[in-house]
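The values are calculated or read from the model by the stated rules, or taken from the named source; none is laboratory data. Note that the structure is predicted; figures quoted are calculated from it, not measured. Neighbour counts run over all protein chains shown; Cβ positions are idealised from the backbone, glycine included.
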Amino acid sequence: MNQMVKDEVQQNGDDQPLTVGQPLSEFLMQLEDYTPTIPDAVTAHYLNTAGFEPKDPRLLRLISIAAQKFISDIANDALQHCKMRSSNSSSSHNNSKNSKGTKDRRYCLTMEDLTPALAEFGITVKKPQYFV
Amino acid sequence: MEKLEQTTSPHRKLLTAAVSSVLLSHGFDSSDWDVLETLTEMLQCFFCEIGQSSKNYCELSGRTEPLIADVILGFVEMGINFTQLSEFIKQHKLQVLPTLQPQQQPKQ
(Lines give C-alpha, C1' and ligand atoms only; values in the text may rest on other atoms or scores of the structure.)
Protein backbone atom coordinates (compact mmCIF):
# COMPACT_ATOMS: atom_id res chain seq x y z
CA MET A 1 0.00 0.00 0.00
CA ASN A 2 2.84 2.38 0.79
CA GLN A 3 4.24 1.94 -2.67
CA MET A 4 0.88 2.91 -4.07
CA VAL A 5 0.75 6.05 -1.92
CA LYS A 6 4.19 6.99 -3.13
CA ASP A 7 3.14 6.55 -6.73
CA GLU A 8 0.12 8.78 -6.23
CA VAL A 9 2.22 11.45 -4.56
CA GLN A 10 4.83 11.35 -7.24
CA GLN A 11 2.17 11.94 -9.84
CA ASN A 12 0.80 14.90 -7.95
CA GLY A 13 3.94 16.61 -6.71
CA ASP A 14 5.66 17.56 -9.93
CA ASP A 15 8.06 19.91 -8.22
CA GLN A 16 10.00 17.36 -6.19
CA PRO A 17 8.92 13.98 -7.52
CA LEU A 18 11.66 12.00 -5.78
CA THR A 19 11.53 13.41 -2.26
CA VAL A 20 7.82 13.92 -1.64
CA GLY A 21 7.02 10.24 -1.13
CA GLN A 22 9.49 9.61 1.64
CA PRO A 23 8.35 12.25 4.19
CA LEU A 24 4.74 11.18 3.64
CA SER A 25 5.41 7.61 4.72
CA GLU A 26 7.32 8.90 7.75
CA PHE A 27 4.44 11.25 8.49
CA LEU A 28 1.97 8.38 8.37
CA MET A 29 4.04 6.52 10.93
CA GLN A 30 3.98 9.59 13.20
CA LEU A 31 0.20 9.91 12.90
CA GLU A 32 -0.31 7.12 15.44
CA ASP A 33 1.37 9.18 18.16
CA TYR A 34 -0.45 12.48 17.60
CA THR A 35 -3.93 12.88 19.01
CA PRO A 36 -5.90 15.61 17.24
CA THR A 37 -8.19 17.94 19.18
CA ILE A 38 -11.22 16.71 17.28
CA PRO A 39 -12.10 13.28 18.73
CA ASP A 40 -11.81 10.33 16.37
CA ALA A 41 -15.40 9.30 17.03
CA VAL A 42 -16.72 12.68 15.88
CA THR A 43 -14.62 12.60 12.71
CA ALA A 44 -15.79 9.06 12.04
CA HIS A 45 -19.43 10.05 12.50
CA TYR A 46 -19.29 12.90 10.00
CA LEU A 47 -17.33 10.80 7.51
CA ASN A 48 -19.93 8.06 7.85
CA THR A 49 -22.67 10.54 6.98
CA ALA A 50 -20.80 11.09 3.72
CA GLY A 51 -20.65 7.34 3.14
CA PHE A 52 -16.95 7.06 3.88
CA GLU A 53 -16.05 4.27 6.33
CA PRO A 54 -12.31 3.86 6.74
CA LYS A 55 -10.98 0.82 8.55
CA ASP A 56 -7.53 2.34 9.00
CA PRO A 57 -7.51 4.68 12.03
CA ARG A 58 -4.65 6.64 10.49
CA LEU A 59 -7.05 7.91 7.83
CA LEU A 60 -9.21 9.42 10.56
CA ARG A 61 -6.17 11.02 12.16
CA LEU A 62 -5.00 12.44 8.84
CA ILE A 63 -8.39 13.99 8.11
CA SER A 64 -8.75 15.33 11.68
CA ILE A 65 -5.36 16.99 11.55
CA ALA A 66 -6.07 18.48 8.13
CA ALA A 67 -9.37 19.85 9.43
CA GLN A 68 -7.67 21.26 12.49
CA LYS A 69 -5.04 22.95 10.36
CA PHE A 70 -7.82 24.43 8.22
CA ILE A 71 -9.47 26.03 11.26
CA SER A 72 -6.10 26.93 12.79
CA ASP A 73 -4.97 28.86 9.71
CA ILE A 74 -8.23 30.79 9.65
CA ALA A 75 -7.96 31.54 13.38
CA ASN A 76 -4.40 32.76 12.98
CA ASP A 77 -5.42 35.07 10.14
CA ALA A 78 -8.39 36.37 12.11
CA LEU A 79 -6.16 37.04 15.11
CA GLN A 80 -3.86 39.20 13.00
CA HIS A 81 -6.89 41.15 11.76
CA CYS A 82 -8.12 41.50 15.33
CA LYS A 83 -4.75 42.75 16.60
CA MET A 84 -4.37 45.17 13.71
CA ARG A 85 -7.87 46.56 14.14
CA SER A 86 -7.58 46.97 17.90
CA SER A 87 -4.17 48.64 17.68
CA ASN A 88 -5.47 51.05 15.06
CA SER A 89 -8.56 51.94 17.01
CA SER A 90 -6.74 52.34 20.33
CA SER A 91 -4.01 54.56 18.86
CA SER A 92 -6.62 56.86 17.38
CA HIS A 93 -8.54 57.08 20.64
CA ASN A 94 -5.98 57.71 23.37
CA ASN A 95 -2.22 57.78 23.23
CA SER A 96 -1.34 58.23 26.88
CA LYS A 97 -2.76 55.00 28.35
CA ASN A 98 -1.97 52.95 25.30
CA SER A 99 1.34 51.44 26.42
CA LYS A 100 -0.16 49.59 29.35
CA GLY A 101 -3.38 48.69 27.58
CA THR A 102 -1.86 46.76 24.67
CA LYS A 103 -0.06 44.29 26.90
CA ASP A 104 -3.01 42.84 28.75
CA ARG A 105 -5.50 43.24 25.96
CA ARG A 106 -8.22 40.63 25.66
CA TYR A 107 -9.04 39.49 22.17
CA CYS A 108 -12.59 38.69 21.17
CA LEU A 109 -13.23 37.07 17.81
CA THR A 110 -16.05 38.78 15.96
CA MET A 111 -17.54 38.44 12.49
CA GLU A 112 -15.82 41.73 11.67
CA ASP A 113 -12.44 39.95 11.92
CA LEU A 114 -13.53 36.59 10.59
CA THR A 115 -15.02 37.88 7.34
CA PRO A 116 -11.76 39.39 5.95
CA ALA A 117 -9.82 36.35 7.17
CA LEU A 118 -12.14 34.00 5.31
CA ALA A 119 -12.09 36.24 2.26
CA GLU A 120 -8.35 35.59 1.98
CA PHE A 121 -9.16 31.88 1.74
CA GLY A 122 -11.68 32.60 -0.99
CA ILE A 123 -14.70 32.05 1.25
CA THR A 124 -17.38 34.71 1.24
CA VAL A 125 -19.48 34.95 4.38
CA LYS A 126 -22.61 37.02 4.41
CA LYS A 127 -24.58 36.86 7.63
CA PRO A 128 -27.78 38.76 8.13
CA GLN A 129 -27.09 41.30 10.86
CA TYR A 130 -30.30 40.60 12.72
CA PHE A 131 -29.73 36.84 13.04
CA VAL A 132 -27.66 35.93 16.10
CA MET B 1 -30.13 29.64 23.72
CA GLU B 2 -31.22 26.73 25.89
CA LYS B 3 -33.61 25.57 23.23
CA LEU B 4 -30.82 25.70 20.67
CA GLU B 5 -28.51 23.60 22.80
CA GLN B 6 -31.16 20.95 23.19
CA THR B 7 -31.62 20.60 19.46
CA THR B 8 -27.94 20.42 18.46
CA SER B 9 -26.38 16.99 18.29
CA PRO B 10 -23.62 15.89 20.68
CA HIS B 11 -21.22 15.52 17.73
CA ARG B 12 -21.75 19.12 16.80
CA LYS B 13 -21.20 20.22 20.38
CA LEU B 14 -17.86 18.45 20.38
CA LEU B 15 -16.93 20.15 17.10
CA THR B 16 -17.76 23.50 18.70
CA ALA B 17 -15.60 22.57 21.68
CA ALA B 18 -12.74 21.68 19.34
CA VAL B 19 -13.10 24.98 17.46
CA SER B 20 -13.11 26.84 20.78
CA SER B 21 -10.00 24.99 21.89
CA VAL B 22 -8.18 25.95 18.68
CA LEU B 23 -9.24 29.58 19.09
CA LEU B 24 -8.06 29.62 22.72
CA SER B 25 -4.71 28.13 21.78
CA HIS B 26 -4.21 30.92 19.25
CA GLY B 27 -4.66 33.58 21.91
CA PHE B 28 -8.29 34.55 21.65
CA ASP B 29 -10.01 35.03 24.98
CA SER B 30 -13.59 35.02 23.78
CA SER B 31 -15.63 34.72 20.64
CA ASP B 32 -19.03 35.68 19.33
CA TRP B 33 -21.59 32.91 19.12
CA ASP B 34 -22.20 33.37 15.39
CA VAL B 35 -18.46 33.12 14.67
CA LEU B 36 -18.32 29.85 16.56
CA GLU B 37 -21.32 28.54 14.66
CA THR B 38 -19.81 29.60 11.32
CA LEU B 39 -16.53 27.82 12.05
CA THR B 40 -18.37 24.71 13.30
CA GLU B 41 -20.46 24.59 10.15
CA MET B 42 -17.33 24.97 8.04
CA LEU B 43 -15.64 22.14 9.91
CA GLN B 44 -18.66 19.91 9.44
CA CYS B 45 -18.76 20.73 5.73
CA PHE B 46 -15.04 20.01 5.52
CA PHE B 47 -15.57 16.49 6.86
CA CYS B 48 -18.52 15.80 4.58
CA GLU B 49 -16.69 17.14 1.54
CA ILE B 50 -13.48 15.19 2.12
CA GLY B 51 -15.53 12.09 2.89
CA GLN B 52 -17.51 12.34 -0.31
CA SER B 53 -14.60 13.09 -2.60
CA SER B 54 -12.45 10.35 -1.03
CA LYS B 55 -15.28 7.87 -1.42
CA ASN B 56 -15.75 8.87 -5.04
CA TYR B 57 -12.04 8.45 -5.80
CA CYS B 58 -12.11 5.09 -4.04
CA GLU B 59 -15.08 3.84 -6.04
CA LEU B 60 -13.64 5.23 -9.25
CA SER B 61 -10.70 2.87 -8.78
CA GLY B 62 -13.08 -0.04 -8.29
CA ARG B 63 -12.43 -0.46 -4.57
CA THR B 64 -14.75 -0.40 -1.59
CA GLU B 65 -12.07 0.00 1.05
CA PRO B 66 -10.68 3.57 1.08
CA LEU B 67 -6.91 3.96 1.01
CA ILE B 68 -4.77 6.85 2.14
CA ALA B 69 -4.15 7.65 -1.52
CA ASP B 70 -7.88 8.32 -1.98
CA VAL B 71 -7.88 10.79 0.90
CA ILE B 72 -4.79 12.50 -0.49
CA LEU B 73 -6.45 12.87 -3.88
CA GLY B 74 -9.42 14.35 -2.04
CA PHE B 75 -7.11 16.86 -0.35
CA VAL B 76 -5.60 17.75 -3.72
CA GLU B 77 -9.04 18.34 -5.15
CA MET B 78 -9.97 20.58 -2.20
CA GLY B 79 -6.74 22.55 -2.63
CA ILE B 80 -5.16 21.46 0.65
CA ASN B 81 -1.40 21.09 0.73
CA PHE B 82 -0.88 17.94 2.78
CA THR B 83 2.91 18.34 2.83
CA GLN B 84 2.44 21.17 5.34
CA LEU B 85 0.60 18.89 7.75
CA SER B 86 3.74 17.33 9.22
CA GLU B 87 5.15 20.81 9.93
CA PHE B 88 1.85 21.74 11.49
CA ILE B 89 1.86 18.91 14.02
CA LYS B 90 5.49 19.62 14.87
CA GLN B 91 4.89 23.33 15.42
CA HIS B 92 1.61 23.17 17.30
CA LYS B 93 1.04 21.27 20.49
CA LEU B 94 -2.32 19.68 19.81
CA GLN B 95 -4.61 19.98 22.77
CA VAL B 96 -6.83 17.07 23.64
CA LEU B 97 -10.37 17.60 24.79
CA PRO B 98 -11.28 15.95 28.10
CA THR B 99 -13.18 12.72 27.71
CA LEU B 100 -16.91 12.96 28.05
CA GLN B 101 -18.53 11.84 31.28
CA PRO B 102 -21.85 10.03 31.11
CA GLN B 103 -24.53 12.45 32.12
CA GLN B 104 -26.96 11.56 34.87
CA GLN B 105 -30.53 12.29 33.97
CA PRO B 106 -32.16 14.34 36.70
CA LYS B 107 -34.96 12.42 38.34
CA GLN B 108 -38.40 13.83 37.82
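Report yes if some residue within the stretch B:51-65 is modelled with pLDDT under 90 and facing chain A (nearest Cβ under 9 Å); otherwise report no.
no
Can you pull out every residue in the stretch A:26-66 that is in contact (Cβ under 8 Å) with a residue 24 or more places away in the chain, buried (at least 16 other Cβ atoms within 10 Å of the Cβ), within 18 Å of the chain's Cα centre (by Cα) and outside any loop (DSSP other than H, G, I, E, B)?
If the condition is that a residue be in contact (Cβ under 8 Å) with a residue 24 or more places away in the chain, buried (at least 16 other Cβ atoms within 10 Å of the Cβ), within 18 Å of the chain's Cα centre (by Cα) and outside any loop (DSSP other than H, G, I, E, B), then A:Thr43, A:Arg61, A:Leu62, A:Ser64, A:Ile65 are the ones that fit.
I want to confirm something. Restricting to the stretch B:32-70 and keeping residues that are touching a Lys or Arg at 6+ places or on another chain (Cβ under 7 Å) and not in a helix (DSSP H, G or I), which single residue is farthest from B:Thr83 (Cα to Cα)?
Filtering first and then ranking leaves B:Glu65.
Please work out if B:Thr40 is within 18 Å of A:Val42 (Cα to Cα) and either more than 8 Å from chain A (Cβ to nearest Cβ) or surrounded by fewer than 15 Cβ atoms within 10 Å (Cβ to Cβ) (or both).
In short, yes.
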